[in-house]
Each structure stands twice: as C-alpha cells, then as structure tokens.
Amino acid sequence: MSNPKSHKSHHHYQPSTTTGNSEYEAGEGDPEVWANFNNSFKQVQSVLDRNRHLIQQVNENHQSRMHDNMVKNVSLIQELNGNINKVASIYSDLNSNFTDACQQRNRRDK
C-alpha cells in the first residue's frame, strides 16, 4: 500500500485554446497575460509546497511531545499563517490582472 503523504500531486495550469474566439482558437493571445498567470501559479505552488513541509514539521514536533519542539511550532504555525496570506494575495492580484486584461481586450475589440 502506498503512503498517501509521500504522493505528490502537482497540478500544472495549462490554458485552454478553445474559447469560441478565433484568435485564441488559433493558439494565440496575449503572451504577457499567460506569462503572468504562469508565474502566479508557480508562486502559489512554491508556497503550498513550503506549507506541506511546514505541516509535516509541526506534526512531527507535536508527536514528539518535547517542550522545545512544541515551542518551535509557534513560529512554524506563524509562518504557515503568513504563507496562507501570501497565497490569498497572489490570487487577488491574479484576479485583478485577469480582470484588467479582459477589460483591455474588450476595449480593443470594440
């Protein structure tokens, strides 16, 4: 039986080229927008990978029941909390960038 904790599932975002818009169906589009999406998703994945490691450390420290390890968990959990805020911020920026790109495209297409 495989260990579910050791299984790493990485979902890589790949934009669909089927949008009903002939420009995008041809595989074109704004390369800068796609590069920004890709960069944002890579940042998120990096933070989530770090969080996975932090959670493993917190669990190990907790299971040890050693005072020093429990004290270390305070800073580890604070880092986790900060990382969650980072992910929320990246997604918020991604949403704003996507909205801006759509509005610019709509203005350009009129």
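The values are calculated or read from the model by the stated rules, or taken from the named source; none is laboratory data. The shown structure was predicted, so the numbers you read here are calculated from the model rather than taken from an experiment. Neighbour counts run over all protein chains shown; Cβ positions are idealised from the backbone, glycine included. Only protein heavy atoms, including side chains, enter the accessible area calculation; ligands, DNA and RNA are left aside. Shrake-Rupley method; radii C 1.70, N 1.55, O 1.52, S 1.80 Å.
Structure summary
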read-out	value
Over segment 30-110: Kirkwood hydrodynamic radius from C-alpha pairwise inverse distances, Å	14.9 Å
Where Val58, Val71 fall by accessible area, highest first, once all protein chains stay in place (1.4 Å)	Val71, Val58
Charge-dipole axis of segment 60-103 as Lys and Arg at +1 and Asp and Glu at -1 on Cβ define it, positive-most pick from Leu80, Asn69, Ser92	Asn69
